[in-house]
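The values are calculated or read from the model by the stated rules, or taken from the named source; none is laboratory data. Just so it is clear, the structure is predicted and the values come from calculations on it, not from any experiment. Please note: Cβ atoms are built from the backbone with ideal geometry, for glycine as well, and neighbour counts cover all protein chains shown.
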Amino acid sequence: MNNDTPRPIGRPKKIKPVRGEEVPHQLYFGPDMDFNDISKKIADDLGINQGQMSDKLAGAGLAYLSLGELKKNASLIRKRRGNRSHIHTQQLLIDCAEILHVATGIDGKAELSGIGPRNEHKSTIIRHAKVVLSALGLPHHHSMQQQARNAAKRMPIHA
């Protein structure tokens, strides 16, 4: 194509690799950081000793990275129907809620479903999720209200 011809409308076609070629991207990848480094950063940010809780939060962070990469490379469920959902952020909130339920007895489903614009900054679960994201070196959303509501819908009720 020269500069005078218009570009075709829409997303460019995905180039399928020929047998024997290496796939340009993989659905899962290993993190650049070490598990212990992530756990130590989380413990320092929360002001707790590095232990079982920070290790579980680091594991949730590594799962967040894998789900984020899967979301980025996966095809859309319905063609031409908007953006992909933030399911990896919802799963991070669910994981943080379950970890805090075991550690402190907080009812995560009730706290996530009650998050609104006035009390979002007070939420323990969102605070822990943002600490995990900052330990991974990722930018976090300023508002996680919608993801918290969707996570509360997907979360099982604790017995």
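Quick notes on this one:
- Enumeration of residues in the stretch 105-124 that are exposed (fewer than 13 other Cβ atoms within 10 Å of the Cβ) and either under 17 Å from K56 (Cβ atoms) or touching an Asp or Glu at 6+ places or on another chain (Cβ under 9 Å) (or both): G105
- Members of the stretch 27-62 found to be exposed (fewer than 15 other Cβ atoms within 10 Å of the Cβ), at pLDDT below 90 and among the aliphatic types (A, V, I, L, M), listed by number: L27
- Hits in the stretch 63-88 - residues which are at pLDDT below 80 and β-branched (V, I, T): I77
- Close pairs from the stretch 125-143: first under 13 Å from A60 (Cα atoms), partner in a loop (DSSP other than H, G, I, E, B) and of a type outside the set (G, A, S), Cβ under 6 Å, at least 6 apart: K130/H140; L133/H140
- Hits in the stretch 96-117 - residues which are in a helix (DSSP H, G or I), closer than 15 Å to K153 by Cβ and among the aliphatic types (A, V, I, L, M): A97, A110, L112
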